[in-house]
Amino acid sequence: MPRTIPGAWRRTADGAGLLSSDGSTRPTIFADMSALAARTGAINLGQGFPDEDGPEVVLETARAAIAHGVNQYPPGRGVAELREAIAAHQQRFYGMHLDPERHVLVTAGATEALAAALLALVDGADDEVVVFEPFYDAYAALVALSGARLVTVPLRFPHFQPDPDDLRAAVGERTRVIIVNDPHNPTGTVFSEELRAEVVRLAHEHDAWIVTDEVYEHLVFDGRHAPIAAMPGAWERTVSISSGGKTFSTTGWKIGWATGPADLIDALVAVKQYLTYSGGAPFQPAIAAGLRLPDDWFAEVADSLRHKRDLLGQGLRAAGFDVSVPAASYFTVVDARALDVEDADAFCREMAERIGVVGVPLTAFVRPEERPAVSSLIRFAACKQASVLDEAVRRLSRLQDGRADGGGSG
């Protein structure tokens, strides 16, 4: 008989939807589907990681740092070079003036910054954290770990724009934090200026903090990203979070950051220093080098991914899916109901075996009670080489032409 281990891990796993009725835990959908892709030889368009290396100056800076002994603990707040580069980045792209000594904290990826923010700012079971649903799965797990209650604002296919009335209904006197993931994962939507202004207004009205997740900030396809913290009245109550992983194709390096008012950053430091303390010493100057790349480089990154979005989207439409065209990010969400699919989870597993392509069901990004509303929706990632996407599109075409009975590597 397996023993019962009490502790916060249970509510964390349960919050993420990974706790089984017998008390055991399941792997995340990303681990599960990536393993399925490896076993079947399927093209993995499920988990959001690139299959190409980032810019050479970023990679070479990391190699040089390792070779020159940058291999020990960096300062807890991050190396000065990276903090200065982050501050310069916020000024250059968004017109925000930050003091790198007081307003910037380097973290082990954006997810650690989110964890530090929630653990620092949530005070107990009476607090509520508002998120837009579907959501990055870490939000539910971290909110559960903090002890707070998760409150959601629905985003509906195909446009995934929140209803301001739903937002107003979700934010109340118990709201401690509003998490704004913009550009949004998994849907690829970009929130309107009016919606972001309403978030700021509600945060003031209910004395709530705003925590943003902006890791796809440089992967907006039309125009530029506009951070909430730059809006009137937002700075003093906003923690802005981003990272270098998505922009520079270095997701495995886990170099993220949080920016905001000095007192909020101090609150995060008080928690973060007992999570990892610090990390990624040789990668920090490398990400600093990336942040200093010229504007044309950032524009080319977005242009390249836009082309891949269009290539994948055309293939998904030709395969018979209803496609939501993303405004940003790695991801495209489709509705498989047009293919008479009601259970996207089962269909994703079947696709791996039958045609050799893996996607992720959107049920992995919602609470259990919300799963029926997204049961036929699937997320595909376009952050792969064009040749890989071409092959994925070829395989997807077999859903329409009756040849979807071959092996995964065909």
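The values are calculated or read from the model by the stated rules, or taken from the named source; none is laboratory data. Computed from a prediction, not measured in an experiment: that's the story for all the values here. Cβ atoms come from the backbone with ideal geometry, glycine included; neighbour counts cover every protein chain shown. Heavy atoms of the whole protein, side chains included, go into the accessibility calculation; ligands, DNA and RNA do not. Shrake-Rupley method; radii C 1.70, N 1.55, O 1.52, S 1.80 Å.
Against the conditions (1) open to solvent by 40 Å² or more (accessible area, probe 1.4 Å); (2) touching a helix residue (DSSP H, G or I) at 6+ places or on another chain (Cβ under 6 Å), where does residue 252 fall short? Just the number, please. Going through the list (1) open to solvent by 40 Å² or more (accessible area, probe 1.4 Å); (2) touching a helix residue (DSSP H, G or I) at 6+ places or on another chain (Cβ under 6 Å), residue 252 breaks only (2). Out of the residues in region 253-302 that are part of a loop (DSSP other than H, G, I, E, B) and free of Cβ contacts under 8 Å to residues at least 24 places away in the same chain, state the one that is nearest to residue 236 (Cα to Cα). Here the residue is 274.
Table: residues versus (1) touching a residue at least 60 places away in the same chain (Cβ under 8 Å); (2) out of contact with any strand residue (DSSP E or B) (no Cβ under 6 Å at 6 or more places or on another chain).
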{"residue": "6", "(1), (2)": "no, yes"}
{"residue": "15", "(1), (2)": "yes, yes"}
{"residue": "23", "(1), (2)": "no, yes"}
{"residue": "27", "(1), (2)": "no, yes"}
{"residue": "31", "(1), (2)": "no, yes"}
{"residue": "44", "(1), (2)": "yes, no"}
{"residue": "54", "(1), (2)": "yes, yes"}
{"residue": "62", "(1), (2)": "yes, yes"}
{"residue": "88", "(1), (2)": "yes, yes"}
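When region 122-140 is filtered for residues that are open to solvent by less than 20 Å² (accessible area, probe 1.4 Å), assigned to a helix (DSSP H, G or I) and not aromatic (Phe, Trp, Tyr), the ones remaining, listed by number, are 138, 140. Take the conditions open to solvent by less than 30 Å² (accessible area, probe 1.4 Å) and farther than 25 Å from residue 58 by Cβ and apply them to residue 269. Does it pass? Judged against the criteria, residue 269 is a match. Condition first: touching a residue at least 12 places away in the same chain (Cβ under 8 Å), out of contact with any Cys (no Cβ under 8 Å at 6 or more places or on another chain) and assigned to a helix (DSSP H, G or I). Can you find one or more residues in region 99-109 that meet it? For region 99-109, residues touching a residue at least 12 places away in the same chain (Cβ under 8 Å), out of contact with any Cys (no Cβ under 8 Å at 6 or more places or on another chain) and assigned to a helix (DSSP H, G or I): present.
Taking residue 314 as the residue in question, decide whether it is out of contact with any helix residue (DSSP H, G or I) (no Cβ under 8 Å at 6 or more places or on another chain) and at pLDDT 95 or above. When the stated conditions are applied, residue 314 does not pass them. Just checking, does region 236-249 include any residue being assigned to a loop (DSSP other than H, G, I, E, B) and surrounded by fewer than 19 Cβ atoms within 10 Å (Cβ to Cβ)? Among the residues of region 236-249, not one is assigned to a loop (DSSP other than H, G, I, E, B) and surrounded by fewer than 19 Cβ atoms within 10 Å (Cβ to Cβ), which makes the answer no. Taking the criterion of being out of contact with any Ser or Thr (no Cβ under 7 Å at 6 or more places or on another chain) and among the charged types (D, E, K, R), the residues of region 1-48 that qualify are 3, 10, 11, 14, 22, 32, 39. Looking only at region 350-364, count how many residues are farther than 16 Å from residue 398 by Cα and of a type outside the set (S, T, N, Q). Adding up the residues that qualify gives 4.
Which of the following residues is under 19 Å from the mean Cα position of the chain (by Cα) and open to solvent by 20 Å² or more (accessible area, probe 1.4 Å): 108, 113?
So the residue among 108, 113 that is under 19 Å from the mean Cα position of the chain (by Cα) and open to solvent by 20 Å² or more (accessible area, probe 1.4 Å) is 108.
Note on region 202-234: residues that are crowded, with 16+ Cβ neighbours inside 10 Å, free of Cβ contacts under 8 Å to residues at least 60 places away in the same chain and not in a loop (DSSP other than H, G, I, E, B) amount to 5. Just one of the listed residues (245, 252, 256, 280) is among the small types (Gly, Ala, Ser) and within 18 Å of residue 91 (Cα to Cα), and it is 256.
Of the numbered criteria (1) open to solvent by less than 10 Å² (accessible area, probe 1.4 Å); (2) under 18 Å from the mean Cα position of the chain (by Cα), the one residue 190 fails is (1). It is to be established whether one or more residues within region 69-83 are assigned to a loop (DSSP other than H, G, I, E, B), within 30 Å of residue 149 (Cα to Cα) and open to solvent by 50 Å² or more (accessible area, probe 1.4 Å). Yes: one or more hits.
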